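The next block holds one structure in the form of structure tokens; read it before the comments.
Quick note: the coordinates plus some simple rules give every number you see, no bench work behind them. Everything quoted here is computed from the prediction, not taken from an experiment. A quick note on method: Cβ atoms are made from the backbone with ideal geometry, for glycine too, and the neighbour counts reach across all protein chains shown.
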């Protein structure tokens with residue numbers, strides 16, 4: 001009984017001190033709950049703003065890296081509208097027809113080319129050539145820079161062809177269709193003509209990839225020659 005009374009007295013004393021502090025104007029300790037309540041929305045807003053800024057930077061870099069170089073790469077003008085018209089052209093006029101256009105006309109009407117848009121494919125090749133040109137001019141000095149010259153055989157030609165392949169593969173998504181390494185199949189035109197590598201995940205083969213490199217390389221070479229003259 002004595003212990004209970006003692007415990008009651010201790011509790012009463014605590015309550016009394018608390019009431020005295022309130023009367024004297026003692027400030028209560030601030031609660032952390034309001035801050036915790038707004039922590040998650042605040043973090044979400046910060047992440048959203050950061051994401052918008054990052055997206056804008058990426059968009060500007062892509063625009064500057066691709067479309068900024070297109071004026072020096074003259075867009076190719078499609079010469080004919082069908083394979084029949086191509087076959088009827090005189091030999092002296094065929095020299096003006098792009099190898100890519102010839103390749104795409106030959107793919108028309110074949111399985112795998114049902115959605116083939118030749119005009120769009122040619123525009124894409126012009127854009128890729130502009131990207132190759134931009135990267136090549138940026139790193140052309142490496143052909144004679146002691147830090148990289150040995151890798152490029154001290155040759156601008158070697159550097160140009162290596163960057164052509166590198167940009168097409170790493171930036172433009174051109175790749176080999178590995179399913180055709182052992183499983184050879186000539187039924188799908190995407191494996192045989194260049195449209196299988198243009199905005200298409202199919203990829204190319206030993207038949208189509210050389211045409212792709214020549215088509216883009218010639219566009220880049222023409223832009224380089226125009227600038228040199």
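Can residue 152 be described as surrounded by 14 or more Cβ atoms within 10 Å (Cβ to Cβ) and farther than 27 Å from residue 202 by Cβ? Yes: the conditions hold for residue 152. Of all residues in region 85-108, those being touching a residue at least 24 places away in the same chain (Cβ under 8 Å) and surrounded by fewer than 18 Cβ atoms within 10 Å (Cβ to Cβ) number 3. Of all residues in region 132-152, those that are over 13 Å from residue 162 (Cβ atoms) have Cβ atoms under 7 Å from Cβ atoms of residues that are part of a loop (DSSP other than H, G, I, E, B), 6 or more apart or on another chain, in 133/73; 144/154. When we screen 210, 201 for residues that are loosely packed, with under 14 Cβ neighbours inside 10 Å and in a helix (DSSP H, G or I), the only hit is 210. I'd like to check something: does region 173-185 contain any residue that is exposed (fewer than 15 other Cβ atoms within 10 Å of the Cβ), under 18 Å from the mean Cα position of the chain (by Cα) and in a loop (DSSP other than H, G, I, E, B)? Yes: one or more hits. Candidates 164, 192, 159, 168: the one that is more than 18 Å from residue 73 (Cβ to Cβ) and in contact (Cβ under 8 Å) with a residue 40 or more places away in the chain is 192.
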